[in-house]
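S.K.: First the structure, which I've put down as structure tokens, then a few questions once you've had a look.
The values are calculated or read from the model by the stated rules, or taken from the named source; none is laboratory data. Because the structure is predicted, anything quoted here is derived from the model rather than measured. Counting neighbours? That spans all protein chains shown, and the Cβs are built from the backbone with ideal geometry, glycine included. Calculation scope for accessible area: heavy atoms of the full protein, side chains included, ligands and nucleic acids excluded. Shrake-Rupley method; radii C 1.70, N 1.55, O 1.52, S 1.80 Å.
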Amino acid sequence: MCRACPRLVAWREEVALTRRRAFRDERYWGRPIPGWGSERPRLLIVGLAPAAHGGNRTGRIFTGDRSGDFLFASLYRTGFAVQPTSVAAGDGQRLVDARMVAAVRCAPPDNKPLPAERDTCAPWLVAELDLVAADLRAVVCLGGFAWQAMWPVLGRCGFAVPRPRPAFGHGAEVRLTSARAPDGVLLIGCYHPSQQNTFTGRVTPDMLDAIFTRARTAAGLESDRPIT
Ligand code: SF4
């Protein structure tokens, strides 16, 4: 198990030991959160890092916290998830044509990883992107941190990265090509569905649905929900 970031290792394990009162009877995951979803995804969703009592508890990215509730509801409406909620591993949830990964795989204090921790974790993201790059058609970056984290990762996976790097914004789009993805991959910026953003209305369900509907089109997927 990776222990390359001492601050994050200490935090993920301390949270797993102390636990939140509401989850005191649960056994926390307390380890790095792996990517999750389709093994041949058309869409890759890149988040920030697992929440201390969300992914760090359940062992599955965006599972068991409010950000995940908001995100999965949209993924269900737009056909990328088979259920509108993601509560716990083994709950029957499944991603369709999509995969999720965190830019930093261990829960950080205050949900704020350091740039050095992002860089230390980058090889994991490179390895994951490398595995799925041939099938990918779209990448949605949830928040500016994920947007920034992806540029060096994309470069190391052979994508032609523009200079200067395009600025992050909700709905920002950049088309990238590589020898392994000659049709191109569309990188799309999206505000992070954090509680701070959703409670203040900076991110609404309609805004998130518009991003994932756009991602469906970019991924060459039909617009109707494919779930049976
Ligand atoms: S954040 Fe990434 S690099 Fe750091 S300890 Fe966790 S898995 Fe390892």
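S.K.: Tilt of helix 6-18 relative to the longest C-alpha principal axis of the chain, in degrees (0 to 90, nearest 10)?
M.R.: The two axes meet at around 50 degrees.
S.K.: Set the Förster radius R0 to 30 Å, insert the Cβ-Cβ distance between Arg27 and Arg180 as r into 1/(1 + (r/R0)^6), and round the FRET efficiency to 0.05.
M.R.: My answer for the efficiency is 0.15.
S.K.: Sticking with this one: Given +1 on the Cβ of Lys and Arg, -1 on the Cβ of Asp and Glu, and no further charges, what dipole in debye does the chain carry about its Cα centre, rounded to the nearest 20?
M.R.: Working: 30 positive and 21 negative charges, 83 e Å.
Dipole of the chain, to the nearest 20 debye: 400 debye.
S.K.: So how far apart, in nm, are the two label points at Leu131 and Ala88 if each is 7 Å from Cα heading toward Cβ?
M.R.: The two pseudo-label positions are separated by 2.5 nm.
S.K.: Provide the descending list of Cα extents for the stretch 105-228 along its principal axes, expressed in whole angstroms.
M.R.: Largest first, the stretch 105-228 extends 42, 41, 32 Å along its Cα principal axes.
S.K.: Counting only DSSP beta bridges with both residues in the chain, what percent are antiparallel, rounded to the nearest 5? Spell out each step's value before the answer.
M.R.: Working: 8 of 22 bridges.
Approximately 35 percent, going by the DSSP bridge assignments.
S.K.: As a test of the formula, what do you get for the chain when each DSSP H run with n ≥ 4 contributes -39,500 (n - 2.57) and the sum is divided by the residue count, at 222 nm and rounded to the nearest 500 deg cm²/dmol?
M.R.: Working: 7 runs with 79 residues, N = 228.
The per-residue figure over the chain is -10500 deg cm²/dmol.
S.K.: Something else now. Can you give me the angle between helix 144-156 and the longest principal axis of the chain, using Cα atoms only, in degrees from 0 to 90, rounded to the nearest 10?
M.R.: Orientation of helix 144-156: about 60 degrees from the principal axis.
S.K.: Let me ask something additional. Using the Karplus curve 6.51 cos²θ - 1.76 cosθ + 1.60 with θ = phi - 60°, work out ³J(HN,Hα) for each residue of the stretch 89-105 in order, rounded to whole Hz, and write x for Gly and Pro.
M.R.: Per residue, the Karplus-derived 3J(HN,Hα) values read 4, x, 8, x, 5, 8, 8, 10, 6, 9, 9, 10, 8, 9, 5, 10, 8 Hz.
S.K.: Averaging over all projection directions, find the projected area of the Cα convex hull of the stretch 1-143 and quote it in nm² with one decimal place. Could the numbers behind the result be given before it?
M.R.: Working: hull surface 32.6 nm².
Computed as one quarter of the Cα hull surface, the answer is 8.1 nm².
S.K.: Let me ask something else about it. How much area per residue is accessible in the chain when the probe is 1.4 Å and only protein heavy atoms are counted (Å²)? Please list the in-between numbers first.
M.R.: Details: 10640 Å² over 228 residues.
Heavy-atom SASA per residue in the chain reads 47 Å².
S.K.: Something else about it: Report the gain in length on full extension from Arg163 to Thr204: 0.36 nm times residue separation, minus Cα-Cα distance, nm rounded to one decimal. Don't jump to the answer; show the numbers that get you there.
M.R.: Values: separation 41, 0.36 × 41 = 14.76 nm, distance 3.15 nm.
Length gained between Arg163 and Thr204: 11.6 nm.
S.K.: Now, a different point. For the stretch 35-40, just list the computed ³J(HN,Hα) in residue order, Karplus coefficients 6.51, -1.76 and 1.60, θ = phi - 60°, integers in Hz, with x standing in for Gly and Pro.
M.R.: x, 8, x, 4, 7, 10
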